[in-house]
Amino acid sequence: MLLFSVTWGSVSGWWVIPCLLLGLVYAWLMYRQPQNLGDKFRYLLSAFRASAVFLIALLLVSPLIKSTNYQPQKPLVLIAQDNSQSVNTFHPQDFDAAKFVDELGQLKKQLGDGYEVREFNFGHDLNDGLSKSFNAKQTNIAAALKQLNDRFVNQNMGALILATDGSYNQGADPQYEAHNFKTSIYTIALGDTIAKRDLLIGNVNYNKTAFLGNDFEIEVLTQAYQSKGEAMHLSVTEDGRQVNAQIIPVDNDAFKKNLTLKLNADKKGVHKFNISITPIKNELSTQNNSETIYVEVLDSKQKVLLLYDAAHPDISVIKQAIEANKNYELKTSFTSDLGSLKLSDYSLIMLHQPTTGMFSALKDIIGKGKVPLWYFMGEQADVAGFNHWQKLTNISTSRLEMQEVFAQPAPGFTSFVLSDSTLQKIAKMPPLKALFGTYTSSIANGVLFKQRIGAVPTSYPLLMFGDDGGHRIGILTAEGLWRWQLAEYQQYGNHHALEELFSQSVQYLTANANRQRFRAYPSKNIFDEGENVLFNAELYNDALELLNTPDVKIELKSAAGKNYSFLATRTGQSYQLDAGTLPVGEYTYTASAKLGSRLFNAAGQLTVKPLNLEIRQSAANHQLLRGIAAQSGGRLLYPSQLSELAGLIRKNENIKTLVYEDRHYSDMIDVKWIFVLIVALLGAEWFLRKREGEI
């Protein structure tokens, strides 16, 4: 409904009387004598003329037209349906998943026109509409709730219907995200709270590297449900050879036990270990009975030195991220303690906010040495010294002020590969703080992340890598990594993105240290089903300088004997390959490159494992759903009670239509229909006068 009225700004409303008098006087002067017009026409034409003059005079006074628009908004009812495999795998015998989806879809019809119903399904991601496929291999309830809340936060959200079994294997606890909803949440409890008969490997903790001749441990979480009295036979094989075996008696129907297994690193290289549990009779699923891990046996660790002049929370973040990769041994030291260190022992030196004193103490290493360096800039860094001692970038600043900058992935980076998930996570991280100024870069395809200031992308480098005077350089132009660490753990419960970023960066910077002329390796040894298999390759000449003139061929062979041949792509000075998605299974790979008359080869193995997260937990978590419903003022329902849902929503007094009032003020002269009215009045007057023979 739209209403309007005349209102007054700084002009007095008493002006309407002079305007009206002006119209009446004008009409009286024009029609005071009868002339050739009868009284009827004379009064009618006088009214037309008086009204037109009144409106024209009123326009000159410029009052305001106030229009009020009342817009009703129906309550929004959101339906979020769990489309993961566990819903259709673990459920009571009388549950029909397809029928349930049909009944859930009837809610829109049952509520009628008084409600706006929107339907979604979710697994790892949120999708529009309901689904009967139940093929999602991951469940992230918290992410689905967050996306719904973000999308409809400013609308009249009446209720959320969350249909799930409460089991999730990705993301944070859904209860925390549910706190952000300012509406009632009705949960529909799917699945069965009674676990099915099953043996499984719940988790494997291990170090990805070990050192030649040493013993190392792996920790295996074994679980058994509804299998009391059985004996669990666990076996560990190394490259097909059994190296450990355990028999674990199962003494209850919800059995869990952590086993610590000791293995020996007796041979250098990458070794595949398969941990498996022998299936038992009537077991629900055997897909979760085995896990594959890869452990690289090294001769020695790469040593990394981190120098600083003052304590800073970023130092702890750097230390933890690097030490997560057991290939590296990190030493932290104040610049003042350099005299006790033998710098030639280190494969990489990190300079945290380098000061004038640090540059002075390291001038021989920086100016003449070949040791790779990684600069971490910040408020306390010596900008002039930094610009002098390296040529990859230049920071021009007239005042030591800091500004917040976000990480923007830069296209065309070629030095190494980060997974898509890591790039996406870092792009969503909180801002770091960089020096206010202008930044220039002298290298092509060497910037991994650029600075984004607010919503404005820039060409300024945030994180970059390159070669400067014969040794590799890394530069982070901002401080505040501790923000990234906290944010990633809060959102994902781990530090995988930071650990991968530092692992790949240090691997690139220290590549010359291992003296291998040709290296070809996957970005990791175990890929999830549906994940793109990525390779890196590097070729060095006799002077250990990177080149990518020759072709690099990479061949993959599955355990079934199927071959896949690829030609790596030249990127920058090295090579990369995206082999796409591969079928689940074990693969060996060989890579070759010919430089002059010499043929270089590299080989290894990798695994594409099925995503079996959805079958690791067969018992539904209805307690979680009960808590979400209670804290929001909703209610937990079971599929058999679905017919009650429409009535509960109608009875909820908080779910109602809202009417929004929109007031709009505009100058009267801008209202087009007044102009049309004036023209109509004058036109009608002119027509009637002509018709009556009056000039």
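Looking at Asn121, is it out of contact with any helix residue (DSSP H, G or I) (no Cβ under 7 Å at 6 or more places or on another chain), modelled with pLDDT of 95 or more and among the polar types (S, T, N, Q)?
Working: out of contact with any helix residue (DSSP H, G or I) (no Cβ under 7 Å at 6 or more places or on another chain): yes; modelled with pLDDT of 95 or more: yes; among the polar types (S, T, N, Q): yes.
Here the answer is yes, as Asn121 does meet what is asked.
Only one of the listed residues (Ala407, Ala434, Ala444) is modelled with pLDDT under 85 and either part of a helix (DSSP H, G or I) or assigned by TED's automatic domain parsing to the domain that holds Glu323 (or both). That residue is Ala444.
Considering only residues that are in a helix (DSSP H, G or I), surrounded by fewer than 19 Cβ atoms within 10 Å (Cβ to Cβ) and touching a residue at least 24 places away in the same chain (Cβ under 8 Å), which ones fall in the stretch 71-100? Can you show your working first?
Our first condition is that a residue be in a helix (DSSP H, G or I); within the stretch 71-100, this holds for 85-89, 97-100.
Right, trim to surrounded by fewer than 19 Cβ atoms within 10 Å (Cβ to Cβ) and you get 89, 97-99.
Residues satisfying the conditions are Thr89, Ala97, Ala98.
Considering the stretch 148-164, the residues that are surrounded by fewer than 21 Cβ atoms within 10 Å (Cβ to Cβ) and in a helix (DSSP H, G or I) include one that is farthest from the chain's Cα centre (by Cα), namely Phe152. Looking across the stretch 310-348, the residues that are surrounded by fewer than 20 Cβ atoms within 10 Å (Cβ to Cβ) and part of a strand (DSSP E or B) come down to Glu329, Lys331, Thr332, Ser333, Phe334. At least 2 residues being in contact with a helix residue (DSSP H, G or I) (Cβ under 8 Å, 6 or more places away or on another chain) is the threshold, and among the strands (runs of 3 or more DSSP E) wholly inside the stretch 246-305 those reaching it are 269-277. Here the stretch 117-138 is the region considered, the condition is being outside any strand (DSSP E or B) and among the basic types (Lys, Arg), and the residue that is farthest from the chain's Cα centre (by Cα) is Lys132. Looking at Val371, Val383, just one residue is more than 32 Å from the chain's Cα centre (by Cα) and under 21 Å from Ile322 (Cβ atoms), and that residue is Val371. Of the residues making up the stretch 358-388, those that are out of contact with any helix residue (DSSP H, G or I) (no Cβ under 6 Å at 6 or more places or on another chain), part of a helix (DSSP H, G or I) and modelled with pLDDT of 85 or more are Ser360, Lys363, Val383, Ala384, Phe386, Asn387, His388.
Considering the conditions (1) assigned by TED's automatic domain parsing to the domain that holds Leu498; (2) more than 25 Å from Asn203 (Cβ to Cβ); (3) small (Gly, Ala, Ser), Gly269 is excluded by exactly one of them, (1).
Against the list (1) surrounded by fewer than 17 Cβ atoms within 10 Å (Cβ to Cβ); (2) modelled with pLDDT under 90; (3) in the same structural domain as Leu435 (by TED's automatic domain parsing), the condition Thr458 fails is (2).
Every residue, every condition in (1) farther than 29 Å from His496 by Cβ; (2) in contact (Cβ under 8 Å) with a residue 24 or more places away in the chain, yes or no:
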| residue | (1), (2) |
| --- | --- |
| Asn207 | no, yes |
| Leu221 | no, yes |
| Glu230 | yes, yes |
| Thr237 | no, yes |
| Arg241 | yes, no |
| Ile248 | yes, yes |
| Leu261 | no, yes |
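Let's see how each residue does on (1) farther than 28 Å from Lys326 by Cα; (2) among the aromatic types (Phe, Trp, Tyr); (3) surrounded by 18 or more Cβ atoms within 10 Å (Cβ to Cβ):
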residue	(1), (2), (3)
Ala195	yes, no, yes
Gly202	no, no, no
Glu219	no, no, no
Asn252	yes, no, no
Ala265	no, no, yes
Thr286	yes, no, no
Ile293	no, no, yes
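Checked against (1) touching a Lys or Arg at 6+ places or on another chain (Cβ under 9 Å); (2) part of a helix (DSSP H, G or I), Ser503 meets all criteria but (1). Here Val101, Val61, Val77 are screened, and the one residue that is among the β-branched types (Val, Ile, Thr), more than 30 Å from Glu116 (Cβ to Cβ) and within 60 Å of the chain's Cα centre (by Cα) is Val61. Every condition in (1) buried (at least 18 other Cβ atoms within 10 Å of the Cβ); (2) out of contact with any strand residue (DSSP E or B) (no Cβ under 8 Å at 6 or more places or on another chain) holds for Asp420 except the one numbered (1). Residue count for the stretch 387-409 under the criterion of being free of Cβ contacts under 8 Å to residues at least 40 places away in the same chain, under 27 Å from Pro457 (Cβ atoms) and either crowded, with 21+ Cβ neighbours inside 10 Å or not hydrophobic (A, V, I, L, M, F, W, C) (or both): the result is 4.
The values are calculated or read from the model by the stated rules, or taken from the named source; none is laboratory data. Predicted, not measured: the structure shown is a model, and the values here were computed from it. As a convention, Cβ positions derive from the backbone with ideal geometry for all residues, glycine included, and neighbour counts pool all protein chains shown.
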